[in-house]
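What follows is calculated from the coordinates using simple rules that are stated; it is not laboratory data. Bear in mind that the values here come from a model prediction, so they are computed numbers and not experimental data. Counting neighbours? That spans all protein chains shown, and the Cβs are built from the backbone with ideal geometry, glycine included.
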Amino acid sequence: MIAASRLKNVSDKKFFEAFDTLGNIQKSKHVRGPLSEHDILDLQDKFLNNGFHYINVSDLQFGRSLVFQFLKSLKHCHENAILTVSMSLLDAPITDVYYELIQGGYLDKSQHKDLDEFFIDQFYYDFLVIEACHELVDSYWFSEFFNRLINFKIDQNIPVLVVSYSK
């Protein structure tokens, strides 16, 4: 299990170094527009292949635009989800996993619900985006959530795109 202390006050680079020991995150270069043909093919590979994939973009708006454009073009992904703690509205048909966790009481210790229940009963997505901002990474429950992704082998069954932001 990844110690939560390894996730405290980390930069994006250190965040991915913390998980790199698991060998699950495939690093790639910083993605910025306009996209080259090579960039498009590299991103397409990340959206189509199961496993953890990493991209770094300049800001939330560009990252979401990029992700939503690719998801819109893929006809086989019907149940898409995003794990974000950003208050920015989602402008695409995508499930907000953080909202689902809060509404279901999975993050409320007084309700005695376990994240295992969420993954067994609620997690039926074709694609997951994780917006790896400091607020999410520093949250008390994130390392447990990430470990559940690995323990339930979610990354072996769907693409999980971890997006970090330069700003």
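Using the number of other C-beta atoms within 10 angstrom as an exposure proxy, rank Arg32, Arg64 with the fewest first. Working shown, then result.
Values: Arg32 13, Arg64 22.
Ascending Cβ contact count within 10 Å gives the list Arg32, Arg64.
Set the bar at 27 Å for Cα to Cα. Now go through Lys75/Lys109; Lys109/Lys153; Lys46/Lys153; Lys46/Lys75 and name every pair that lies beyond it.
Details: Lys75/Lys109 38 Å; Lys109/Lys153 25 Å; Lys46/Lys153 17 Å; Lys46/Lys75 15 Å.
As for pairs spanning more than 27 Å Cα to Cα, those are Lys75/Lys109.
What does the extension gain come out to for Val85 and Asp45, with contour length at 0.36 nm per residue minus their alpha carbon separation? Could you put the intermediate results ahead of the total?
Working: separation 40, 0.36 × 40 = 14.40 nm, distance 2.63 nm.
Between Val85 and Asp45, full extension yields 11.8 nm more.
Residues of the stretch 128-161 with amide nitrogen under 19 Å from the 7 Å Cα-to-Cβ point of Asp59?
What the label zone holds, given the 19 Å backbone N cut-off, is 131-135.
Counting Lys and Arg as +1 and Asp and Glu as -1, what is the net charge of the other residues whose Cβ lies under 15 Å from the Cβ of Ile158? Working shown, then result.
On the way: positive: Lys46, Arg148, Lys153; negative: Asp45, Glu79, Asp126, Asp155.
Summing Lys/Arg as +1 and Asp/Glu as -1 gives -1.
Can you give me the long-range amide H partners of Asn80? Hydrogens built in the peptide plane at 1.01 Å from N, cutoff under 5 Å, separation of 5 or more residues or another chain.
It is Thr95, Asp126, by chain and number.
How far apart, in nm, are two points set 7 Å out from the Cα along the Cα-to-Cβ line at Lys113 and at His78?
Going by the 7 Å Cα→Cβ label model, 2.5 nm.
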